[in-house]
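Taking it in order: structure first as C-alpha cells, then the write-up.
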Amino acid sequence: MSPTLILIIIAIYFYTLMAISYFSSKNSSDETYFTGDRKSPWYLVAFGMVGAGLSGVTFVSLPGMVGNNNFHFYQFILGNVVGYLFITFVLTPLYYKLRLVSIYSYLNDRFGSKTYKTGSLFFLVSQSFGAALRLLLAAKILQFAVFDHFGVPFFLTVILILALVWLYTNKSGIKTIVWTDTMQTVFLILGAVITIYTIITSLNLSLPEAVESVTKHQYFKIFNWDAASGNNFYKQFIAGILVAIAMIGLDQNMMQKTLTCKNVWDAQKNTLTYSLILAITQFLFMGLGILMYIYVQDNGIALQVGKNGLLLDTDTLFPNLALNHLGILAGIFFILGIIAASFSSVDSALTALTTSFTYDFLDIEHKPSETKKKLKNLVLIGFSCVIFVIIMAFANSKGDVISLIFKVAGYTYGPLLGLYLFGMFTKVSVKDKWVPLVCVSAPIATYFLGSYFQNTFQFDFGFINIAVNAAITITGLLLIHKKTKKDE
C-alpha cells in the first residue's frame, strides 16, 4: 500500500477532527475543557468510550494474542462486565452526589489531603504509562507504514501525533473528545469488520461457515481450569472485575467522560451500554484473530516461533496481513483504524492527566480565568513531554502490549482500588500522613510475593495481582487506623 496514499488518508482524517473541534468548541467556558459543561448525550458518550476502551492495543494486540493464549482473555472480559455493574450502581451515584470534577477529591473528604494527593499521583503514573504504551503500538505501525518511507525518524512521528492531538483538544478538551471519540470508534470497528469480510471472501467462506471455522478452531478455548495457570478462570474473572473497577471506575480518563452526562441516570445508562458494546466488540476482535491464523495457515505465511514454542511478536500479525496481503480496501480501513487508535488512545488521556493535576495539585478551580488557561496549557504540554519520554524508553520493546498494560495496571491501580474499597465499605479513619508509605509499599510487596509463589509453588498470580495489591493496601490501612483521639 502506497505510503503517499496513507499520508493523504491521515491528512483528511486530521482535518475532519479539526472540523469537529471547531464546531464543538463554540460557546466554550473556562470549565468546558474539564466538564464538557455537563451536557453530553449519554449514548454519544457510551459509543465514544468504546473507542477509548479499545485503543490501538485491542485493535492490533488482541487479535494476535489468541495465537498464544487462545480465547482465555475473554474470561477477563466477562469479569469486566460484572465490574461495570459496580461502577454503574455504586461509583457513579457517589461521584454525582459529590459533583466531582477530579474523582480523587473523594479521598480528601474521606481520609485527608495526603491520601488525596497519593491517590491522584498513582493515577498520574498509571495513566501516563498506559497512554504511552497504547500510543507506542500505534505509532510504530504508522512509522512502518508511512514515515520510514519518507525518512522521518520515529521520535518525530511521536512528536507529530502529540502535536496534532494538542491542536484539536486544546480549547474544549473533554467536550471535543466526546464527539471525536465517537468518530474514532466507528473507524476502529469498521477496521475489524472490513478485515473479517476480506478474509472470509478470500477463503471462499460464507458467514455461517466462517463462524463455524472460528468456534471449532483449536484456539477457541475460553475456559481454563488449571489452578496454577495465570489464565485460570477464577483468576481472570476476578481480575476482570477488579481491573474494570480500577481502570474505568477509578480512572479520571474514563469517568471524566461519564461525568459530562446531564444527570446520574444518563451516566448510568452510559456505563451499562458501554460495557455491553465493548464486550461484544472485543469478542469480534478475538474472532478476527482466529480468522487471521486460518488465513496464514491456508496461504503458507511463515510466523516466527520462539524456543518455547510460542509465537513471537504477535502484535505484527494484523498490520502485516492488512498492509501486505489482504488488498487495498482492508489496508485503507486498517490505517483508518490505527489512526483512530492513535488519537483516541492519547487525547482523552492527556485531558484527564491535565484535569487531575490542575485540580488535585494546583487548585485550578479557584484561580482567575486567565491563570486557568495558562496553567492548563502548561500542564498539557508537560504531560505530552512525559508521554513522549515513556514512549522512547519502550520504543524497542516487542511482544503483546495488552498483557504488559494490564500487568503494569495491577501494580499501579491496586493501591487506588484498596483506598476506595476501604473508604466506601468501612467507617475506619486512618493516620493520613502514613497512607503514602502504605500505597508505595503495597505494589513492592505484591511483586515479591508473586515472585515467591511463582518460584516456590509454580503458581502464577496472573492479572489477579491487582487483588493481592489491593488486599495488602487494605491491610496496611488497618494497621494505621486511628484508635483514639490521642493517636490523631
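The values are calculated or read from the model by the stated rules, or taken from the named source; none is laboratory data. Fair warning: this is a prediction, and the values are worked out from it, not measured in the lab. Note that we place each Cβ from the backbone using ideal geometry, even for glycine, and neighbour counts take in every protein chain shown. Surface areas here come from the heavy atoms of the whole protein model, side chains and all, with no ligands, DNA or RNA. Shrake-Rupley method; radii C 1.70, N 1.55, O 1.52, S 1.80 Å.
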Among the residues of the range 242-275, which ones are more than 15 Å from the chain's Cα centre (by Cα), of a type in the set (V, I, T) and open to solvent by 10 Å² or more (accessible area, probe 1.4 Å)? V264, T273
Output for the range 347-367, where each listed residue is out of contact with any Phe, Trp or Tyr (no Cβ under 9 Å at 6 or more places or on another chain) and either charged (D, E, K, R) or within 21 Å of G249 (Cβ to Cβ) (or both): S348, D363, K367
For the range 276-291, does any single residue satisfy the condition of being farther than 20 Å from L137 by Cα, open to solvent by 10 Å² or more (accessible area, probe 1.4 Å), part of a loop (DSSP other than H, G, I, E, B) and out of contact with any strand residue (DSSP E or B) (no Cβ under 8 Å at 6 or more places or on another chain)? no
Against the definition (among the aromatic types (F, W, Y), open to solvent by less than 30 Å² (accessible area, probe 1.4 Å), assigned to a helix (DSSP H, G or I) and at pLDDT 90 or above), how does Y420 come out, yes or no? yes
Being open to solvent by 40 Å² or more (accessible area, probe 1.4 Å), touching a residue at least 12 places away in the same chain (Cβ under 8 Å) and within 19 Å of the chain's Cα centre (by Cα) narrows V82, V90 down to just V82
Quick check on this structure: which one of Y22, Y13 is at pLDDT 75 or above and part of a helix (DSSP H, G or I)? Y13
Between T371, T355, T351, which is among the hydroxyl-bearing types (S, T, Y) and either more than 29 Å from T118 (Cα to Cα) or surrounded by fewer than 18 Cβ atoms within 10 Å (Cβ to Cβ) (or both)? T371
For the range 457-465, state whether one or more residues are open to solvent by 40 Å² or more (accessible area, probe 1.4 Å) and touching a Ser or Thr at 6+ places or on another chain (Cβ under 6 Å). no
Sort out which residues of the range 374-397 are more than 19 Å from the chain's Cα centre (by Cα) and assigned to a loop (DSSP other than H, G, I, E, B), and write them in order of number. N396
K269: closer than 17 Å to V82 by Cα and not hydrophobic (A, V, I, L, M, F, W, C), yes or no? yes
Just one of (1) in a helix (DSSP H, G or I); (2) touching a Ser or Thr at 6+ places or on another chain (Cβ under 9 Å) trips up V296, so point out which. (2)
Quick check on my filter: what residues within the range 302-319 are open to solvent by 40 Å² or more (accessible area, probe 1.4 Å) and either touching a His at 6+ places or on another chain (Cβ under 6 Å) or under 15 Å from G67 (Cα atoms) (or both)? A302, L303, Q304, V305, N308, G309, L310, L312, D313, T316
Return the pairs, sorted by first residue and then second, in which the second residue is open to solvent by 70 Å² or more (accessible area, probe 1.4 Å), the first residue lies in the range 447-467 and is under 14 Å from I241 (Cα atoms), the beta carbons are less than 8 Å apart, and the residues are 6+ apart or on different chains. F463/K407; I464/I238; N465/K407; A467/I238
So, F237, is that one closer than 30 Å to G462 by Cα, among the aromatic types (F, W, Y) and surrounded by 17 or more Cβ atoms within 10 Å (Cβ to Cβ) or not? yes
Given the conditions (1) within 28 Å of K433 (Cβ to Cβ); (2) open to solvent by 10 Å² or more (accessible area, probe 1.4 Å); (3) at pLDDT 90 or above; (4) over 21 Å from the mean Cα position of the chain (by Cα), and given that L121 satisfies all but one, which numbered condition is not satisfied? (4)
What pairs come out if I take residues in the range 196-213 that are within 15 Å of G289 (Cα to Cα) and touching a residue at least 12 places away in the same chain (Cβ under 8 Å) and pair them with residues that are in a helix (DSSP H, G or I) and among the aromatic types (F, W, Y) whose C-beta lies under 6 Å away, six or more apart or interchain? I199/Y295
Just the residues that are farther than 23 Å from F318 by Cβ, without any contact (Cβ under 8 Å) to a residue 24 or more places away in the chain and in a helix (DSSP H, G or I), please, taken from the range 120-154. L121
